[in-house]
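The structure under discussion appears below in the form of structure tokens.
The values are calculated or read from the model by the stated rules, or taken from the named source; none is laboratory data. Remember, it's a predicted structure, so these values are computed and weren't measured experimentally. FYI the Cβ positions are ideal-geometry reconstructions off the backbone, even for glycines, and counts take in every protein chain you see. Please note that ligands, DNA and RNA were not included when accessible areas were found on the heavy atoms of the full protein model with its side chains. Shrake-Rupley method; radii C 1.70, N 1.55, O 1.52, S 1.80 Å.
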Amino acid sequence: MATTATQSSGTNAQAAQYDYEVIIVGAGVSGIYQIKRLLDLGVKATVLEANEGVGGTWYNNRYPGARFDSESYTYGYSFSQELLDEWHWKERFSPQPETLRYLNFVADKLNLKEHMQFGCRVETMIFDEDTDTWSLSLSDGRTLTSRIVITALGPLSAPTLPKIEGRDDFKGISFHPQQWPHDLTDLSGKRVAIIGTGATAIQIIPVVAGQASQLTVFQRRANWAAPLNNGPISEEEMASIRARYDEIFEACSRSPAAFEHIPDERSFYDVAPEKRREFWDRLYDESGFSIWLANFPEIFIDENANAEVSEYIADRIRQRVNDPVVAEKLIPKDHGFGIQRLPLETGYFEAYNRDNVELVDSKATPIERITENGLRTSDREFEFDVIVYATGFDAFTGAHDRIDIRGVAGQKLRDTWAEGPITYLGMLVHGMPNMVMLGGPQVAAANFPRGSEIAVDWVMPLLEHLWNKGHTRFDATSASQQQWFDAVKLSYEGLLMNKAQSWITGYNSNLEGHEYGKTRYNIFATGGVEYAKHLEHAADKDYQGIDFS
Ligand code: NAP
């Protein structure tokens, strides 16, 4: 059945004179797996990618220190035994160059690049209601048409620069880390400023501290961070990982965020205070997200539990930073541990013990403007050779908003989402027929490839359903979309993260409409296990929340 449908879908593309049955936008982790599955079925499909190669976030983010916070062996694709057997992850948390090599290895091994078009950015996507096709105009001047578009744009791929006057006046080099110049691999002898202390800056700072003649970090709000505890993976260990892959992926499928770390089953209150500290001592020394995701569940919902774990982490920071005044500056006072996405670090706090590193409190003395030679705060003038704006992303909706996407009756996606995203299952948007999003808003925030595989594995039967029934159009109903929005909103209830000034709640001080307090429901906060059940339920019910015609 499936073969017949997909063979005919390939023919449809020619007979109806549209270029492709499916266009995928983005050759990152999701786009790579999606094209593989479509090609396996003989569908006429292509990937359009703005960059000159595969990799998405791992192609772009080449800043020093960029690496996974996911255990490498949980980040690889699970769908191909051949890939699992052949690839050796060299470090427990793979650095960006190795990850980019991995994604190229996958694309080459599976002969996917010949189905990808690089260096072409999609600028507009217009749905034609007469033919049920999308028309995409590209930065290289071409227009391509397809029955279906699958966006695989990445949730954190639209960088935002700070709204600070004078950015164009600076005579040195300045950039967002996502656009770190590929040839700028060493900052030895340079006077460097880093603005921001999110996960990105927390990875950059210790590396640049060891190179720059002077590093000045402008911190507006301190951020909790905990040790990554990275290390090499030997041949023997890799052999043992290979033998356990089934077990590892099974464990990920049981964890809300699709890591090996599973929340502790005990209640915070059933464990005596001194035993809690012993438990945290162990988690703090473990690698990866243990201290965050294998902790007591109460730390995310209970102010007392959260205050106690925050005090524990604060003490660990005090032990690592020599100057008590600097240590106190680095300990967040406005939010508890773990209610924002936890950055993991390697020598971050120790970087502030170096003579060439200075921490400036940008709340107390705000940056007033960028100048020709550096920047000016409310009380000082600074000179720099390099300014790094590690100031975050227009998360989840930004990459879609940057394309002019118009659906039924010319409805613009960015207008639909003006007050925040609304989707069906994080995959479809009512009024945007034949468009599927991978890694879009309102999916469960998870170890990314684990979530990607679940999403693509859901999309394929949906498309086969369309083709097998001879339909040319699918669109989420308004009612099913509203139901999903309500479920997403409900998933935030009772969580301390509601107070977070982070992309989870849609906060971004550099974007209109993203002010603190105007919550945007960007993720399905209950997590991946429940999310997968929702997807399964929708498929089992013959996609009853979706109109086919
Ligand atoms: P972010 O967490 O949004 O942090 C942005 C930082 O810039 C914050 O410290 C913010 O301060 C500051 N900032 C923004 N505008 C500013 C301004 N005008 N003046 C002064 N400071 C300003 O962004 P990010 O660090 O790029 O991280 C985003 C997400 O990417 C992470 O949460 C994570 O999910 C992902 N990421 C993952 C990895 C990994 O897997 N290893 C690595 C890096 C990033 P305020 O807090 O005061 O707004």
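Our coupling estimate for segment 432-447, obtained by passing each phi through the Karplus curve with A = 6.51, B = -1.76, C = 1.60 and θ = phi - 60°, is 10, x, 6, 10, 10, 10, 10, x, x, x, 6, 8, 6, 6, 8, 3 Hz, Gly and Pro reported as x. Model label sites at A272 and L39, defined 7 Å from Cα along the beta-carbon direction, differ in position by 6.1 nm. For the chain, the relative contact order is 19 percent, taking Cα pairs closer than 8 Å that sit 6 or more residues apart in sequence and dividing their mean separation by the residue count. Computed on segment 325-415, with alpha-carbon pairs under 8 angstrom and 6+ residues apart, the relative contact order is 11 percent. Computed from the alpha carbon atoms alone, the convex hull of the chain holds 152 Å³ per residue. Scaled to the globular estimate 2.2 N^0.38 Å, the Cα spread of segment 455-517, given as radius of gyration, is 1.65. Of the peptides 474-483, 283-292, 314-323, the ranking by mean beta-carbon count within 10 Å, highest at the top, reads 283-292, 474-483, 314-323. Taking Cα atoms of segment 199-389, Rg/Rh with Kirkwood Rh, to two decimals? Rg/Rh for segment 199-389 comes to 1.03.
On the chain, 47 percent of the accessible area sits on carbon and sulfur atoms, based on a 1.4 Å probe.
Taking a ≥ b ≥ c as the square roots of the eigenvalues of the alpha-carbon gyration tensor, segment 371-433 is classed prolate because a/c is 1.5 or more and a/b outweighs b/c. Scoring 269-280, 495-506, 385-396 by mean Cβ neighbours within 10 Å over their residues and listing the highest first yields 385-396, 495-506, 269-280. Pairs of Lys residues in segment 414-549, spaced 8 or more positions apart or belonging to different chains, with C-alpha separations under 22 angstrom: 6 in total. In order along segment 68-84, the Karplus-derived 3J(HN,Hα) couplings, from 6.51 cos²θ - 1.76 cosθ + 1.60 at θ = phi - 60°, round to 5, 9, 8, 4, 3, 6, 9, 9, x, 5, 9, 6, 10, 4, 4, 5, 4 Hz, and Gly and Pro are given as x. For the chain, the longest principal axis of the C-alpha atoms and the axis of helix 478-492 are separated by about 20°. Placing unit charges on each Cβ (+1 for Lys and Arg, -1 for Asp and Glu) gives segment 477-549 a dipole about its Cα centre, and among N522, G506, I546 the Cα reaching farthest toward its positive end belongs to G506. Taking the Cα centre of the chain as reference, the dipole from Cβ charges on Lys and Arg (+1) and Asp and Glu (-1) amounts to some 680 debye.
Taking θ as phi - 60° and the Karplus parameters 6.51, -1.76 and 1.60, the scalar couplings of segment 393-408 work out to 9, 7, 6, 6, 9, x, 5, 6, 4, 6, 9, 7, 9, 10, x, 4 Hz in sequence order, x denoting glycine and proline. Quick one: dipole size for segment 338-481, taken about the Cα centre, charges +1 on Lys/Arg Cβ and -1 on Asp/Glu Cβ, in debye to the nearest 20. So the dipole magnitude of segment 338-481 works out to roughly 820 debye.
The angle separating the long axis of helix 528-540 from the principal Cα axis of greatest extent in the chain is about 10 degrees. Farthest toward the positive end of the dipole of the chain, out of L41, H182, T365, is the Cα of T365, where the dipole comes from beta carbon charges about the Cα centre.
Taking label points 7 Å from Cα along the Cα-to-Cβ direction, E358 and L161 give a separation of 2.5 nm. Normalised per residue, the accessible area of the chain is 40 Å², obtained with a 1.4 Å probe and no contribution from ligands, DNA or RNA. Each peptide in 484-493, 238-247, 251-260 receives the mean, over its residues, of other Cβ atoms within 10 Å, and ordering these scores from highest gives 251-260, 484-493, 238-247. Counting only protein chain heavy atoms and rolling a 1.4 Å probe, the accessible areas of D140, D168, D132 rank, largest first, as D168, D140, D132. Computed from point charges on the beta carbon alone (+1 for Lys and Arg, -1 for Asp and Glu), the dipole magnitude for segment 199-389 about its Cα centre is near 420 Debye. A Förster radius of 25 Å, combined with the Cβ-Cβ distance separating F118 from D404, puts the computed FRET efficiency at roughly 0.70.
Helix 199-209 against the longest principal axis of the chain: what's the angle in degrees, Cα atoms only, rounded to the nearest 10? The helix 199-209 is inclined about 50 degrees to the chain.
Candidates T151, W134, A66 compared by Cα position along the dipole of segment 51-192: farthest toward the positive end lies A66, with charges placed on Cβ. Amide H to amide H, with H built 1.01 Å from N, S174 comes under 5 Å of I387, counting only residues 5 or more places away or on other chains. Taking every C-alpha pair closer than 8 Å and separated by at least 6 residues, the mean separation divided by the residue count of segment 199-389 gives a relative contact order of 33 percent.
Put the Cα centre of segment 336-397 next to the Cα centre of segment 199-228 and the gap is 8 Å.
Using the Cβ-Cβ distance between D415 and K333 with R0 set to 45 Å, the FRET efficiency from 1/(1 + (r/R0)^6) comes to roughly 0.70.
Spin-label pair I173-Y245: with each label point 7 Å from Cα along the Cα-Cβ axis, the two points sit 3.9 nm from one another.
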